[in-house]
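A short worksheet on the structure shown next.
The values are calculated or read from the model by the stated rules, or taken from the named source; none is laboratory data. Since the model is a prediction, treat every value here as computed from it, not as a measurement. Here Cβ is always computed from backbone atoms with ideal geometry, including for glycine, and neighbour counts include all displayed protein chains.
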Amino acid sequence: MRSSEAWSRLGGVLIAVLAAAAAMVVLVPRLLGVAAGPEVEIITHLKGTERDGLSLVLPGVGEPLTSLAHHFARITVNVEPGGQRAVAWATLDFRGRLGRTEVSSLGVERIAFVRRGREWMPEGLAAPRLAAVVRALESRRRALEAGDREALAGLLVPGAEADGGGGEEELARVMSLQRRRYRAEAWFLRLERDEAVATEQWRLEGQVPSRPVDERGQRRLSLVRNGEEFFFSPGLM
């Protein structure tokens, strides 16, 4: 039979082994990431959001764009000279919500990364192009509901007319309603490198002198990239 001293030594050895194993769990992935280079670390970060979830804060919008499920694929990483910055190109299949609006998107993302200490982190959002398109769509929805023609004009590609694109009559009809409410029930998006196409399922409520209005429909909107933002072209309707 083992003495209490022997059992004590055995317990100490077991504790040391468990502590070493715990340290390896923490350190080995970091060491492997350093050994493999920034490409593996950046890809691992993006793929990790599929498990942890993705919440994108849009400037000027009260609610975040939150994923229900998303998937990054075809990821390529270009590290800039100096090794402190990188750009990841990827396709993103996204399904989520902005408040009450369903958002479904498939397309190309360009994500800037910076090195912070030993880790690579997105410089901004992990899906900046999706965020820019949804922000433009939500800004348009709010401006239509508020009847803000100046805000609507600012959402068009620079140089375009506020009522361009053949939707003048529809825009005028929407703006003429009293007690107007304009909702987007869903946006289905296709994102390319320099443009995006959005199919909007909308609901319009309001009042004309003779009757109340409650309509639903679907329309297709085109946007083009200018810098880091997207603008509507050729029109808003």
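Just name the residue that is surrounded by the most Cβ atoms within 10 Å (Cβ to Cβ) out of those in segment 64-85 that are farther than 16 Å from Ile111 by Cβ and out of contact with any helix residue (DSSP H, G or I) (no Cβ under 9 Å at 6 or more places or on another chain). For segment 64-85, the residue satisfying everything is Pro64. List every residue pair whose Cβ atoms sit under 7 Å apart, with the two residues 6 or more apart in sequence or on different chains, where the first one lies in segment 170-190 and is assigned by TED's automatic domain parsing to the domain that holds Ser210 and at pLDDT below 95 and the second, anywhere, is in a helix (DSSP H, G or I) and surrounded by 13 or more Cβ atoms within 10 Å (Cβ to Cβ). As it stands, the answer is Val174/Leu144, since those pairs meet every condition given.
Among the residues making up segment 37-69, those that are under 30 Å from Arg140 (Cβ atoms), outside any loop (DSSP other than H, G, I, E, B) and free of Cβ contacts under 8 Å to residues at least 40 places away in the same chain are Glu50, Ser55, Thr66, Ser67, Leu68, Ala69. Candidates in segment 108-130 are the residues that are among the small types (Gly, Ala, Ser) and buried (at least 21 other Cβ atoms within 10 Å of the Cβ); of these, the one that is farthest from Glu41 (Cα to Cα) is Ala127.
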